[in-house]
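Notes for the one structure printed next.
The values are calculated or read from the model by the stated rules, or taken from the named source; none is laboratory data. A quick note: this is a predicted structure, and the numbers were derived from the prediction, not measured. Quick reminder, even Gly has a Cβ in these numbers, built from the backbone with ideal geometry, and neighbours come from all protein chains shown.
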Amino acid sequence: MIRKILPLAKKYSFFGILSALSIAIEVAIEVRIPFLLSKIINNGIMGNDFELVKTLGLKMILMAIISLFFGMLASRFSALFGTGFGFECRKALFARIQDFAFSNIDKFGTPSLITRLTSDTNMLQIVFMMVVRICVRAPLMFVMAIIYAVKINTRLSAVFLLVAPVMAISIILIGRAAHPRFRRMFEKYDGFNLSIQENLAAVRVVKAFVRARHEKEKFEASNNELREASIFAEKLIILNGPIMSVSMYSSIVVIILLGSRLIVRGLLAVGDLSAIISYVSQILMSLMMISMILVMSVMAKASLNRIGEVLDEIPAISDDAADKSLRVENGSIEMKNVCFKYSLEAERNVLHNINVKINSGETIGIIGGTGSAKTTLVQLIPRLYDVTSGEIFVGGHPIKEYTLENLRNSVSMVLQNNVLFSGTIGDNLLWGDENASDEEIEKACETAQALSFIRSFPDGFDTDLGQGGVNLSGGQKQRLTIARALLKKPKILILDDSTSAIDTVTDKALRDALNKQKDITRIIIAQRIASVTDADRIIVLDDGKINGIGTHSQLLKENEIYKEVYLSQQEGANKNGAA
Amino acid sequence: MAQHNSTAPKAAPPKGKPGMNMRFERPKDARKTFGRLIGYIFKQKYSLFLVVLLVIISSLSGVTGTYMLKPIVKQLEIALKNGDVGSCLSKISFYLILLAVVYLIGAASQYIYSRIMINVSHKTLYIIRKDLFEHLQSLPLEFFDKRTHGELMSRFTNDVDTIREAVSQGMVQAVSSLVTVAGTFIMMAVLSPVLLCLVLVMLAVMLFSVKIIGKKSSSFFKKQQQAVGAVNGYIEEHIEGQKVVKVFCREEMVKEGFTKINEELRKASAGAQTYAGVLMPVMGNLSYLNYAATATLGAALIIKGVTFLDIATLVSFLQYTRQFSQPITQASQQFNNMLAALAGAERIFSILDEKPENDDGGVTLVNAVVEDDGTITECPDYTGTWAWKRPGLDNGASYTLLKGDVRFYNVTFSYDGKKDVLSDVSLYAKPGEKIALVGSTGAGKTTVTNLLNRFYDISEGTITYDGIDIKQIKKDDLRFSLAMVLQDTHLFTGTVEENIRYGKLNASFEEVKSAACLANADSFITRLPEGYNTVLTGDGDNLSQGQRQLLSIARAAIANPPVLILDEATSSIDTRTEKLIEKGMDKLMEGKTVFVIAHRLSTVRSSKAILVLENGKITERGSHEELLALKGKYYQFYTGSLELS
């Protein structure tokens, strides 16, 4: 995973190098300072040499200022490096999701993709920055401190050669043992969040069924599990602190013990003793920092994997083999032996052996029960999903020969769950065609029966919709999304149950207006039979198979399912209906 | 020498959900919130007392350890001068044993308090989460209407997380920093008051730098916060609308738009992170400056031959000068976390302060037996017959049989206190009657049913249930006697069987199955890979909307109460399937008082009475035929010339 993600930092690696250099200089001075301190004590204070103390003192002040300068630079550069990496991560992820086919999006699910783009990326950025700051500092400090300590006194330095490995091994062991425990904790966390989310979403159900106590019991269980998993994981990590202290303290005691013997024999100066202790602390500190990276990386690993999964996901649909110059010439559609299932592992096909030929300019209705795969069928035409077997032709060419952009610009689809974006009505309409003139926009809205209500708003086309178009009714939203689709000036227009919230009179006016656009092939999926009765042909789908094709009157005579649906609705709105 | 003590950087605590270092917030009333938060932690006051004691011991051991340096250096000085090596070394050994003991106590206390603190902090979080969740269950729907799920979720995740950081780390560090700094200053004062004056000057400089850096960084953190908000908003909107983006081939434009705000975020967080990282080197190097200045002054004084300072004293004093910058750095780093935690706690507390649903009804629902002479007696076991128990004087009680007679008398209601959603509505539904509510969006259909089960309380008028004012009925018992099937079906993670059983927790499998058959759900359930044991996830994502509605009908069927409310219960079921479940629905509604809200008029035709609601008023009432003959609004709806959604 890391190998996949690290290249994202490449663009900002210049800052990374500068940051490493600054840190190196800062560390070099920091390690040098105890050496100076020992000199001040040994030669200056013990030696009663005020001039030397003054010179060394000034030298130290100068070094501190330089170190401060580079420390600040390091902070700046590492921040630029880390946030740059975060920027690239977000960018790469976002771009990759843009390349996804519907099946890829379905696989992850929208909420999961959002979490990966937000919290996971933030987590990774934070850990990355810490690693950048520590991974130069800690090893460098470790090596340099050892060199200085050995230079002052080899025998005393041997003490930490004993202590450091003990500490290093225990830290590694702790980190290893903690890893699975933290993973478990994160799993519990997910479960915990899920239970709250569900409860919030279903608050009316909980209240209506008087299940507050039941919900509290369920929550209590996951709350407790979370607590226990957290304690179980953290219990191990807190050992790091005392282990560090014990290593530190025992080194100090032993160094003073051995050091004082050397001092009285004149083999060591008092100041050297203090310097070696400083170095021991620097060495152990750097080990501690490394252990911190280990802990952080455990936490980041889950996020890293989740981000990696998205980056690794191969878009299921590509148009590399397409002919870029090929345009859709007309709106004819032909499906030959089309079979489809959502995942290759699925046992049953969702669509079985569909064969149908639709002429350019025809109006086709599609009727079928819940789960009869109406939506699936039409989504294959603009290649939102690819057929599992068989072939689809649009305008006389296999759809795979067109680039996705050319194909989808000619096949305009209004989805069942259609979305408007924040911005004005005009902004949203421009999604269909950015260069559309005011007249074109008005014409599309008129056809979609949206012009009158847009005009009724005080701000007209400049009315701000808010996120998700919250200020509109369901019927208004549907008409806007149809206008948006019309602005693409498509060869084929697909309405997937897109008029369900529009009253029958408006629905009829809309269909009449669409019927005037003879050059567009129209495919209309509807629950209401009235919406398709005037279609040239109607396809009846049942359980993924074509059960019948024909005109309204033909089907009414020959098709059992169609008859049944018609009768069930006839009892309802259409008997005396205007349609 | 031991410039290192228990304030060694601890391994960062695990963080639940990320987003740390990304926030910058200030509580409104820090003192009050702090007091309340402390109240939570104080629920474990004995553990807490022990923790504070151990933190003090461990911090003091560090401070004391450094002080031990003075007698040791002194002995070395003496040994070097007199040559009395043996006695000096044995004295030094004695001091070292003492030192080892002091340190050992320090390390041991550190381990013990860390271990206790884990329990304390997680128990505290556990209690906060529990209180929050349980309180949420008691809040009225108005509360949930005003807030998004995301907003409430972030109380449980982000806000509890900030508190975790503050409780598990901040508290210990605050005490330990305080003790270490105070101890260090006392020791310095004991060693040399003159040198201490110089240190105090440096301290002022340090605090000043902390303040400046803090100010600078907080303005960047604020900007970062805004940028994070913008980026997250953009991501949510466009990933949720991803399929539309693809249908319109807008991928490149969307990418461009994202890059723009992503760049804003990068700039803002680069600034914030720079200042966050600058504190360490500034404080560290200031402490070196301090050391150099102190050493120079000290050396000058000794060489001049002042009596109040000797080499041993200076050496240990210098060690202290290096010791006190670290706790200050850590405390200042913790400061923002603390404020963020208080801001989080404040938000949690404000939810806890929300008033729960008022429920002052004294009438309860009991199992009952009807004697031959018509008197009703209470029965502890399930009888299949229910009665309302009205407490009377002297422990006596009167009973009314639960039948399902519902009446609204001049009911007026408003969600926001300004615009009446229902005005002066009167209606009745006798036991066993099916009443349909028809009208356009916003006419108040759902509101009628929401008032009946007291999701909301009416402002004027009365609603009676079996002749009892529903305000006098205990809320839980009132709702127990009503079943609702809502348009938005919500299922829970768990098996299909568990989801149906939600309507009656102690139902047997046979009951579950027969409820499923009634709703015509059995056939699709048995075709699922694991049948009734199929686990539904993510609000039943693996089922179609229609199948989910069938399940929620089964859920209501198993509860089997006398009153049934069907709010667009079959809107996502196609007419053919609806026809198939019609028989089941008829059986379900048999003998029950039913309120039906439906968009599809074929669903409401068979109702005993159809009420047409318009702008919160009942404008027409009658049977299907009567209303058609009237040629009013209902006729218009029916013939499709009015928008109904």
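Name the residue, out of A:N305, A:N337, that is in contact with a strand residue (DSSP E or B) (Cβ under 7 Å, 6 or more places away or on another chain) and of a type in the set (S, T, N, Q). Steps first, please.
On the way: A:N305 fails: in contact with a strand residue (DSSP E or B) (Cβ under 7 Å, 6 or more places away or on another chain).
Answer to the check: A:N337.
Across the range A:38-64, what is the total count of residues that are out of contact with any Phe, Trp or Tyr (no Cβ under 6 Å at 6 or more places or on another chain) and at the interface with chain B (Cβ under 7 Å from one of its Cβ atoms)?
Step one: filter the range A:38-64 for residues out of contact with any Phe, Trp or Tyr (no Cβ under 6 Å at 6 or more places or on another chain), giving A:38-63.
Going one step further and asking which of them are at the interface with chain B (Cβ under 7 Å from one of its Cβ atoms), we end up with A:40-41, A:44-46, A:48, A:50, A:53-54, A:57, A:60-61.
Count: 12.
Can you tell me which residues in the range A:341-354 are free of Cβ contacts under 8 Å to residues at least 60 places away in the same chain and closer than 10 Å to A:V387 by Cα?
Scanning the range A:341-354 gives a single hit, A:K341.
Is it the case that the range A:566-577 has a residue that's in the same structural domain as A:V394 (by TED's automatic domain parsing), surrounded by 17 or more Cβ atoms within 10 Å (Cβ to Cβ) and modelled with pLDDT of 80 or more? Spell out the reasoning first.
So in the range A:566-577, the residues in the same structural domain as A:V394 (by TED's automatic domain parsing) come out as A:566-577.
Pick out the ones that are also surrounded by 17 or more Cβ atoms within 10 Å (Cβ to Cβ) and you get A:566, A:568-569, A:572-574, A:577.
From what's left, modelled with pLDDT of 80 or more: A:566.
Yes: one or more hits.
Please verify whether B:G106 is out of contact with any His (no Cβ under 7 Å at 6 or more places or on another chain) and in contact (Cβ under 8 Å) with a residue 40 or more places away in the chain, treating the condition exactly as stated. I'd like the intermediate steps shown before the answer.
Details: out of contact with any His (no Cβ under 7 Å at 6 or more places or on another chain): yes; in contact (Cβ under 8 Å) with a residue 40 or more places away in the chain: yes.
Considered against the rule, which asks whether it is out of contact with any His (no Cβ under 7 Å at 6 or more places or on another chain) and in contact (Cβ under 8 Å) with a residue 40 or more places away in the chain, B:G106 comes out as yes.
Condition first: under 15 Å from B:T526 (Cα atoms) and either more than 9 Å from chain A (Cβ to nearest Cβ) or of a type in the set (D, E) (or both). Now tell me which residues in the range B:541-563 satisfy that.
Selection gives B:N542, B:L543, B:R548, B:L550, B:L551, B:A554.
Cβ contacts < 6 Å: first residue assigned by TED's automatic domain parsing to the domain that holds A:A24, restricted to the range A:124-147; second residue part of a helix (DSSP H, G or I) and of a type in the set (S, T, N, Q), any location; separation 6+ or different chain. Result?
Listed by first residue and then by second, the contacts come to A:L124/A:S303; A:V132/A:S78; A:R133/A:S78; A:A138/A:S286; A:M141/A:Q282; A:M141/A:S286; A:F142/A:S286; A:A145/A:Q282.
Hey, can you tell me all the residues within the range B:449-469 that are in contact with a Leu (Cβ under 6 Å, 6 or more places away or on another chain) and either in a strand (DSSP E or B) or among the aliphatic types (A, V, I, L, M) (or both)?
B:I458
Taking the conditions exactly as written (hydrophobic (A, V, I, L, M, F, W, C) and out of contact with any helix residue (DSSP H, G or I) (no Cβ under 6 Å at 6 or more places or on another chain)), does B:I525 satisfy them or not?
On the way: hydrophobic (A, V, I, L, M, F, W, C): yes; out of contact with any helix residue (DSSP H, G or I) (no Cβ under 6 Å at 6 or more places or on another chain): no.
The answer is no for B:I525.
Go through the residues of the range A:180-201 one by one and say whether even a single one is of a type in the set (A, V, I, L, M) and touching a Ser or Thr at 6+ places or on another chain (Cβ under 6 Å). Break it down into steps so the answer makes sense when it comes.
Going through the range A:180-201, the residues of a type in the set (A, V, I, L, M) turn out to be A:185, A:194, A:196, A:200-201.
From what is left, the residues that are touching a Ser or Thr at 6+ places or on another chain (Cβ under 6 Å) are A:185.
Taking every residue of the range A:180-201 in turn, at least one turns out to be of a type in the set (A, V, I, L, M) and touching a Ser or Thr at 6+ places or on another chain (Cβ under 6 Å).
Being farther than 16 Å from B:N560 by Cα and surrounded by 22 or more Cβ atoms within 10 Å (Cβ to Cβ) is the filter here; which residues of the range B:511-529 pass it?
Those that are farther than 16 Å from B:N560 by Cα and surrounded by 22 or more Cβ atoms within 10 Å (Cβ to Cβ): B:A521, B:I525.
Which condition number in (1) more than 10 Å from chain A (Cβ to nearest Cβ); (2) in contact with a Lys or Arg (Cβ under 8 Å, 6 or more places away or on another chain) is the one that B:F208 fails?
Exception for B:F208: condition (2).
Scan the range B:291-313 for residues that are modelled with pLDDT of 85 or more and surrounded by 24 or more Cβ atoms within 10 Å (Cβ to Cβ) and jot them down.
B:T294, B:G298
What single numbered condition from (1) touching a residue at least 60 places away in the same chain (Cβ under 8 Å); (2) part of a helix (DSSP H, G or I) fails to hold for B:S87?
(1)
Looking at the range B:233-266 only, could you name the residues that are within 30 Å of A:G71 (Cβ to Cβ) and without any contact (Cβ under 8 Å) to a residue 40 or more places away in the chain?
We begin by selecting, within the range B:233-266, every residue within 30 Å of A:G71 (Cβ to Cβ); these are B:262-266.
If the condition is that a residue be within 30 Å of A:G71 (Cβ to Cβ) and without any contact (Cβ under 8 Å) to a residue 40 or more places away in the chain, then B:N262, B:E263, B:E264, B:R266 are the ones that fit.
Out of all the residues in the range A:53-76, is one or more among the hydroxyl-bearing types (S, T, Y) and closer than 30 Å to A:G191 by Cβ? Explain how you work it out, then say what you get.
Filtering the range A:53-76 down to residues among the hydroxyl-bearing types (S, T, Y) leaves A:55, A:67, A:75.
When the remaining residues are screened for being closer than 30 Å to A:G191 by Cβ, the result is none.
There is no residue in the range A:53-76 that is among the hydroxyl-bearing types (S, T, Y) and closer than 30 Å to A:G191 by Cβ.
Go through (1) crowded, with 20+ Cβ neighbours inside 10 Å; (2) facing chain A (nearest Cβ under 7 Å) for B:T259 and report which single condition fails.
Status for B:T259: all satisfied but (1).
Pairs please, first residue from the range B:283-303 and free of Cβ contacts under 8 Å to residues at least 60 places away in the same chain, second anywhere and among the aromatic types (F, W, Y) and surrounded by fewer than 20 Cβ atoms within 10 Å (Cβ to Cβ), Cβ atoms under 7 Å, 6+ apart in sequence or on different chains.
B:A299/A:F50; B:A300/A:F50; B:I303/A:F50
Enumerate the helices (runs of 4 or more DSSP H) found wholly within the range B:148-232, keeping only those where 2 or more residues are in contact with a Phe, Trp or Tyr (Cβ under 6 Å, 6 or more places away or on another chain). First the steps, then the outcome.
On the way: elements: B:149-154, B:160-165, B:171-191.
It comes to B:171-191.
Does the range A:392-403 include one or more residues that are under 22 Å from A:D542 (Cβ atoms) and touching a Ser or Thr at 6+ places or on another chain (Cβ under 8 Å)?
So in the range A:392-403, the residues under 22 Å from A:D542 (Cβ atoms) come out as A:392.
Filter again for touching a Ser or Thr at 6+ places or on another chain (Cβ under 8 Å), leaving none.
For the range A:392-403, residues under 22 Å from A:D542 (Cβ atoms) and touching a Ser or Thr at 6+ places or on another chain (Cβ under 8 Å): absent.
Quick one: which of A:G426, A:G390, A:G365 is in a strand (DSSP E or B) and either over 21 Å from A:I524 (Cα atoms) or within 8 Å of chain B (Cβ to nearest Cβ) (or both)?
Working: A:G426 fails: in a strand (DSSP E or B); A:G365 fails: either over 21 Å from A:I524 (Cα atoms) or within 8 Å of chain B (Cβ to nearest Cβ) (or both).
A:G390 is the lone residue from the list that is in a strand (DSSP E or B) and either over 21 Å from A:I524 (Cα atoms) or within 8 Å of chain B (Cβ to nearest Cβ) (or both).
Just to check your reading of the model, which residue among A:D323, A:D319 is assigned to a loop (DSSP other than H, G, I, E, B), under 24 Å from A:I97 (Cβ atoms) and touching a residue at least 60 places away in the same chain (Cβ under 8 Å)? Give the steps one after another, and end with the answer.
On the way: A:D323 fails: under 24 Å from A:I97 (Cβ atoms).
The match here is A:D319.
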